[in-house]
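These notes concern the structure reproduced below.
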């Protein structure tokens, strides 16, 4: 989490004496910027996104209420805590400040200990909220992605593929699915160890990702097996995409940073909605069956599932 001492506070007051008091109270603990009018305060806040704004209400030109409303309106600044500085202690003024979007107020003349306490409280709250959001994003990412490869995981596969199939059914569009695995991967592990085997899988995943563009996505399915979902692509287009990825893998030297330069090949099975299946399990199952046909007849090739379980096999260069 960000340190308090790294936080930036924007001080806004049209009376320089008030600015001087605030600077003297806060300069040893935070980074400070000052503005003497609403327009300058708004310009700075929109450009630099301070961690906290101490904002005078009554200023010539644009008053504090308007500055606050504009900061709240902009998505880039709406979460910056704003504390009003005011000599007006009536309930109606406090209410107007909260309605404009302020989180607190400090009355003039300033009590230095109160200023320090309120500033620290609101900065700690802001930092805690930011940390919470980062953790939420991290947990959300981990719930949908594979740690090793950065590709999506099987949980995401079934959720997202169901959504894509429903959308495809509604719009009359195809969805192609590819099952693939790395050929004779056990030999790589036996020759170079499990750790390097994991590194190879991660690098192959990067090769797969390089051959995809949204809404297509790759999935780390199991070990050296992957699934690729291609919304909007027909089976023929899915075969072409699989062939492109097969070629990329065959042309890549893996673990070059480890001075190993491993060459690999991979095999692919392709099926598509609505031509081959209408439900997730059937669609994935038929792509898997097509892959099985490749593995039964050789390697380094792409096969498309056909009715009756037959496959049209497109052999890659060097296929066995």
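Matching residues to (1) modelled with pLDDT under 95; (2) in the same structural domain as residue 113 (by TED's automatic domain parsing); (3) under 26 Å from residue 112 (Cβ atoms); (4) surrounded by fewer than 18 Cβ atoms within 10 Å (Cβ to Cβ):
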position	(1), (2), (3), (4)
30	no, yes, yes, no
33	no, yes, yes, yes
58	yes, yes, yes, yes
64	yes, yes, yes, no
72	yes, yes, no, yes
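Is at least one residue of the range 204-226 in a helix (DSSP H, G or I), over 19 Å from residue 302 (Cα atoms) and modelled with pLDDT of 95 or more? Among the residues of the range 204-226, at least one is in a helix (DSSP H, G or I), over 19 Å from residue 302 (Cα atoms) and modelled with pLDDT of 95 or more, which makes the answer yes. Within the range 182-209, being in contact (Cβ under 8 Å) with a residue 60 or more places away in the chain and surrounded by 21 or more Cβ atoms within 10 Å (Cβ to Cβ) holds for 182, 183, 188, 200, 204.
The condition of being outside the structural domain of residue 223 (by TED's automatic domain parsing), touching a residue at least 12 places away in the same chain (Cβ under 8 Å) and assigned to a helix (DSSP H, G or I) holds for only one of 133, 118, that being 118. The set of residues in the range 48-76 being touching a helix residue (DSSP H, G or I) at 6+ places or on another chain (Cβ under 8 Å) and in a helix (DSSP H, G or I) consists of 64, 65, 66, 67, 68, 69, 70, 71, 72.
Please indicate, with yes or no, whether at least one residue in the range 240-247 is part of a strand (DSSP E or B), in contact with a strand residue (DSSP E or B) (Cβ under 6 Å, 6 or more places away or on another chain) and on the phi < 0 side of the Ramachandran plot. No.
Candidates 151, 165: the one that is modelled with pLDDT of 95 or more, under 25 Å from residue 249 (Cβ atoms) and either surrounded by 13 or more Cβ atoms within 10 Å (Cβ to Cβ) or touching a strand residue (DSSP E or B) at 6+ places or on another chain (Cβ under 7 Å) (or both) is 151.
Take residue 104 and tell me if it is under 30 Å from residue 210 (Cβ atoms), surrounded by 13 or more Cβ atoms within 10 Å (Cβ to Cβ) and either in contact with a strand residue (DSSP E or B) (Cβ under 7 Å, 6 or more places away or on another chain) or not assigned by TED's automatic domain parsing to the domain that holds residue 18 (or both). Against the criterion (under 30 Å from residue 210 (Cβ atoms), surrounded by 13 or more Cβ atoms within 10 Å (Cβ to Cβ) and either in contact with a strand residue (DSSP E or B) (Cβ under 7 Å, 6 or more places away or on another chain) or not assigned by TED's automatic domain parsing to the domain that holds residue 18 (or both)), residue 104 does not qualify. Of the residues making up the range 263-294, those that are touching a residue at least 40 places away in the same chain (Cβ under 8 Å) and either closer than 15 Å to residue 224 by Cα or not assigned by TED's automatic domain parsing to the domain that holds residue 186 (or both) are 264, 265, 266, 267, 268, 269, 288, 291.
When every residue of the range 23-35 is checked against the conditions, at least one turns out to be part of a helix (DSSP H, G or I), touching a residue at least 60 places away in the same chain (Cβ under 8 Å) and in contact with a helix residue (DSSP H, G or I) (Cβ under 7 Å, 6 or more places away or on another chain). Residues in the range 210-222 that are surrounded by fewer than 17 Cβ atoms within 10 Å (Cβ to Cβ) and in contact with a strand residue (DSSP E or B) (Cβ under 8 Å, 6 or more places away or on another chain): 215 alone.
The values are calculated or read from the model by the stated rules, or taken from the named source; none is laboratory data. The structure presented is a predicted model; accordingly, all values stated were derived computationally and were not measured. Here Cβ is always computed from backbone atoms with ideal geometry, including for glycine, and neighbour counts include all displayed protein chains.
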